[in-house]
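The values are calculated or read from the model by the stated rules, or taken from the named source; none is laboratory data. Just so it is clear, the structure is predicted and the values come from calculations on it, not from any experiment. Every residue, glycine as well, gets a Cβ built from its backbone with ideal geometry; the counts of neighbours run over all protein chains shown. Accessible surface is based on the protein model in full, side chains and every heavy atom, while ligands, DNA and RNA are left aside. Shrake-Rupley method; radii C 1.70, N 1.55, O 1.52, S 1.80 Å.
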Amino acid sequence: QLQGFESPTGAWEMDLLPARVAAYETHWLDELFASGDFIWGRLQPPLPNDDRRGQMLTRASAISIAARADLAWLLPPDRTLPSAAARWDAQAVHEALSAHGALFFNDLLAATSLLPAQLEVALRELAALGLVTSDAFATIRALVSKKQLTLGRWAGRRASQPRERVYSRGGRWSKFPPFLQPVPAEERVENWAWLLLHRYGVIFRDLLARES
């Protein structure tokens, strides 16, 4: 019922899912992503005329969770955002994913010759632009753990120690969206209508105005 809904990254496992799923466990979401059944990403990227160069994915950034089988009709039909909107290091990462397909963090380091910190920043920028996703939710949880990362702590370690590269635990990174077959406009509208009816029960204009 929540697929296609845009929500800040920090709200998915802090508010939305635990309030709707009894005894929610984070590994359930991990299993859905690892199996390829579900995918996370930014369905509606920033407008092309926005100055978004250098924007980073944060705990306040809006992302969506969706079933891969439904992604083709969930995405806006006019969705366009060239990788040229990103900085040079993010463009290098996007080109590596375009050339080699899904890659793990260490493979991306080898393909781009970037430093680990540079690669993390590039992935955060591409995710904020709606150009990449990963098959794990660890990176999203890392953003939610803002206090831990700010203090340089992870799992009780001293602040003087280097923090763990949380993005290296993000599974395989890939382009977003993946290859999708076009969906007829009528089918897209009907699928969205049924999804919103199942989500809310009753639909009216002011409610739809809150849906991207």
What list of ³J(HN,Hα) values in whole Hz, one per residue of the stretch 194-201 in order, does the Karplus curve 6.51 cos²θ - 1.76 cosθ + 1.60 (θ = phi - 60°) give from phi, with Gly and Pro shown as x? 5, 4, 5, 5, 5, 6, 10, x
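Work through the residues other than Gly101 whose Cβ is under 14 Å from its Cβ and net out their charges, Lys, Arg +1 and Asp, Glu -1.
Values: positive: Arg172, Lys175; negative: Glu95, Asp107, Asp135.
Here the count lands on -1.
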Summing +1 for each Lys or Arg and -1 for each Asp or Glu, what net charge is found among the other residues whose Cβ lies under 12 Å from the Cβ of Ile65? -2
Regression test value, accessible area per residue of the stretch 1-110, probe 1.4 Å, units Å², expected 51 Å²
For Arg87, which sequence-distant residues (separation of 5 or more, or a different chain) have an amide H within less than 5 Å of its own amide H, given hydrogens modelled in the peptide plane? Gly54
Output the peptides 96-103, 181-188 sorted from most to least packed, where packing is the average of other Cβ atoms within 10 Å over each peptide's residues. 96-103, 181-188
Note, the stretch 124-133: 3J(HN,Hα) by Karplus (6.51, -1.76, 1.60, θ = phi - 60°), whole Hz, Gly/Pro = x, goes 5, 5, 5, 5, 5, 7, x, 10, 9, 8
Given H placed 1.01 Å from N in the peptide plane, which residues other than close sequence neighbours of Gly41 have an amide H under 5 Å from its amide H? Ser64
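I need the peptides 78-84, 126-132 ranked by packing, meaning the mean over residues of other C-beta atoms within 10 angstrom, with the highest value on top.
Result, highest mean Cβ count within 10 Å first: 126-132, 78-84.
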Sequence-distant residues sharing a close amide H with Val132 (under 5 Å, placed H): Ala127, Phe176
Accessible surface of the stretch 1-108, 1.4 Å probe, proportion on carbon and sulfur as whole %: 54 percent
Full-stretch length increase - Ala110, Asn191 - with 0.36 nm per residue and alpha-carbon distance subtracted: 25.0 nm
Computed from the mean reciprocal separation of all distinct C-alpha pairs, what Kirkwood hydrodynamic radius does the stretch 1-86 have, in Å? 14.3 Å
Please list 3J(HN,Hα) in residue order for the stretch 175-191, calculated via the Karplus relation 6.51 cos²θ - 1.76 cosθ + 1.60 where θ = phi - 60°; whole Hz, with x for glycine and proline. 5, 10, x, x, 5, 9, 7, x, 10, x, 4, 5, 5, 4, 5, 5, 4
